[in-house]
Ligand code: GAL
């Protein structure tokens, strides 16, 4: 038997609870068989009553433990059960846990019967309990129920390492240190031991240390111990997130306990003038993330958690994510460590502080559980120690801060508020700034909010100030992008703002009090399936290193107010954008550094769709052609509002060339409206150092077709099942999504895979996503998509097993 036994496959599940379920002889043979991560009730995409998952339920699983294994101790780990759990082994209660976002572990050794099956029973209460944060008032997200993160059994020696915090200090000095804060269990009767530490990178040993340990002979012992290291060490940073393994072993006469901890060498600090990583100032540009997915809520395994981190770093180009409003899955953090994506990790809660008593106790317990769970992740750079957007409560937050500082004095402390002049018990004033409403004011001045100069980070902006659906009209979607862009620009300009974390990465299901009435908050720069809206573009152009050129316009003036296309925003990291219409060169355009001085890659604004065409194709004198072009552009970008002087000019030109008002309109239509033309194709070329690095065409929709992409064609079954996301889009010839397509699509799977959601979906704003999962067997599977109008598509998938069970 391995030291770690994953217990995710084959639980018996009942979506109700009765005391009789605990009786030893209870027959649960007819219960559903489920795998973990598991959501207690699958929810519809939208328009549902959030009470449907607020139920009690029960999970059961038998595990055989042989007589030979009698000398060991057994720790049963739960990574996350929403909202509270009672755990029984062989019908005897071993413990209970409150709070759905943090892990817990029980030593079940004394409950085990050797040489036979042992029955685990977990009673899960997913009702909103006002003694447990975030509950007690309203909450703008859902807390889907079930055993939604992995379960495993750990076999340990009698003395074991309960926790170990690896602290890498003085990373900028030549001589660095590794400090271990070690928490041992069952040291009873022992006064001597040995500690071995090995630093490894890619399995190669960098250095090894041995040290004697004085043990206290008690049940629990905390040991702090420090080691020097002169060897060359590579730091963890955003571009080169180098990770090491720290192999810790404790040897006593009662056996050998070990832990392998993956971490890195890096130093974080906030000063009044910003955030520093390894001594280098970095502007934090990021998004908030909820861990929810359509249908299955929180119950998503490693690959989906990994994918979210990848989307943030590699597809949105952000350097920071806030795990609003609770500690995220370990998988998500593992991937953030690997990618170099900073995480602001915070305790569960939303605006409401419950009364002193159980609610406070759970809050403090969750501070402890969050920090112990996440303290070895180099990506985690700050703890959030307030209930998101709550009022000052010095007594409670004094306690959360003291506890955090005791457990981990190495990380800055924050606590998200939305009030000015709040008591700063933390290191950083972390503030949700929703002042921007589309007008001139973009962000508040930090000093106005804090009173005096302190480290300052904007932890939310936009969001509810401008909910935007993927299928909203063009103007609204552009405006969402512009609002995010303006906040990023303002943050970059202000030396006292360390960064800005926008609300939010993806749309999410929510309670009745929030969102658009259909139980969705459309605040994301991605939709619930992680498909980008225009709002994603400013993040991409500012953050991605690959060539980016996103044209935030369908070029369909009929979708714009007053049918005026106006300016076209191109979000790009190119130095120049060339525009061609129907293969005729129109003009070159450049990033608007003057208007957005804070941005490294300001947008390119295209406001000339005529170029020299009027000069070349009409019979006006050159100077008059200049004037006519200028007037037409002005009419187009101002919504037809010409000033008195312009009107005089226009009148004069009309008289000179004997033109009527209709001739003027025809001219406008010819060069701006494109009406009556068989086809207008716009080609944008993005250039860097004079070379075209990216091209985008936009034209009229003639023959749209359905396109299916898949995040990974290989699913790997490891400790639990694997998933992959598929995205379906109706695209035109240019590859642009036909945003107002809502066709119904039927999804069929065959082979060792199944669909995680409904079998019939409709395109939502031209696209939709879905996830399929593996079913415990290796082999080949296939996904088939049937659309009455657009035909059939196939995607083959392969399922492999990482380990044979
Ligand atoms: C904030 C809150 C977030 C979310 C957001 C919407 O006040 O902290 O959880 O509700 O508003 O913009």
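Each reported figure results from applying straightforward, stated rules to the coordinates on display, with no laboratory input. Predicted model only: the values in this text are computed from it and were never measured. Don't worry about glycine lacking a Cβ; one is built from the backbone with ideal geometry, like all the others, and counts go over all protein chains shown.
Estimated from helices alone, the mean residue ellipticity of the chain at 222 nm is -4500 deg cm²/dmol (sum of -39500 (n - 2.57) over DSSP H runs with n ≥ 4, per residue).
If packing is taken as the average count of other Cβ atoms within 10 Å, what order do 470-477, 221-228 fall into, highest mean first? Spell out each step's value before the answer.
On the way: 470-477: 18.2, 221-228: 14.2.
Result, highest mean first: 470-477, 221-228.
Once both labels are positioned 7 Å from their Cα atoms along Cα-to-Cβ, the gap between residue 421 and residue 4 label points is 5.1 nm.
With a Förster radius of 25 Å, plug the Cβ-Cβ distance of residue 179 and residue 496 into 1/(1 + (r/R0)^6) and report the FRET value to the nearest 0.05. Here the calculated transfer efficiency is 0.20. Simple spin-label estimate for residue 546 and residue 130 gives 5.1 nm between the two label positions (7 Å along the Cα-to-Cβ direction from each Cα). Stretched out straight at 0.36 nm per residue, the stretch from residue 42 to residue 634 would grow longer than its current Cα-Cα span by 207.8 nm.
Which shape class, rounded, prolate or oblate, goes with segment 465-556 when its Cα gyration tensor gives a ≥ b ≥ c as root eigenvalues, a/c under 1.5 marks rounded, and past that a/b bigger than b/c marks prolate? Verdict is oblate for segment 465-556.
Treating r as the C-beta distance of residue 402 and residue 30 and R0 as 51 Å, the FRET efficiency rounds to 0.50. Annotation: average projected area of segment 553-682 is 8.9 square nanometres, based on the convex hull of Cα atoms across all directions. Ordered by the count of other Cβ atoms within 10 Å of each Cβ, fewest first, 738, 504 give 738, 504.
Using alpha carbon centroids, what distance separates segment 1-50 and segment 594-613, in Å? So the separation of the two Cα centres works out to 56 Å.
With R₀ fixed at 22 Å, the C-beta to C-beta distance from residue 437 to residue 518 puts the FRET efficiency at about 0.40. Taking the C-alpha atoms only, the angle from helix 330-339 to the longest principal axis of the chain is near 60 degrees.
Among 702, 381, the order by Cβ neighbours within 10 angstrom, fewest to most, reads 702, 381. Under the classification rounded if a/c is under 1.5, otherwise prolate if a/b is larger than b/c and oblate if not, where does segment 100-240 fall, given a ≥ b ≥ c as square roots of the Cα gyration tensor eigenvalues? Note, shape of segment 100-240 comes out oblate. Is the shape of segment 215-333 best called rounded, prolate or oblate, per the rule: a/c under 1.5 gives rounded, else a/b larger than b/c gives prolate, else oblate, with a ≥ b ≥ c the square roots of the Cα gyration tensor eigenvalues? Oblate, since a/c reaches 1.5 and b/c is not below a/b. The packing ranking, built from the mean of other Cβ atoms within 10 Å per residue, places the peptides 787-795, 410-418, 353-361 in the order 410-418, 353-361, 787-795, highest first. Of interest is the spacing of the C-alpha centroids, which for segment 292-311 and segment 80-113 amounts to 25 Å. Please give the Cα centre distance for segment 748-791 versus segment 145-161, rounded to the nearest Å. If you average the Cα positions of each part, the centres end up 33 Å apart.
Round to the nearest 10 and give me the degree value, 0 to 90, for the angle of helix 394-407's Cα axis relative to the longest principal axis of the chain. With rounding to tens, the tilt is 70 degrees. Computed on the chain, with alpha-carbon pairs under 8 angstrom and 6+ residues apart, the relative contact order is 9 percent. As a rough guide to protection, the peptides 93-99, 17-23 ranked by mean Cβ packing within 10 Å, highest first, stand as 93-99, 17-23. Length gained on full extension, residue 778 to residue 256: 184.3 nm, using 0.36 nm per residue less the C-alpha separation. Between the helical axis of 644-656 and the longest alpha-carbon principal axis of the chain there is an angle of about 40 degrees.
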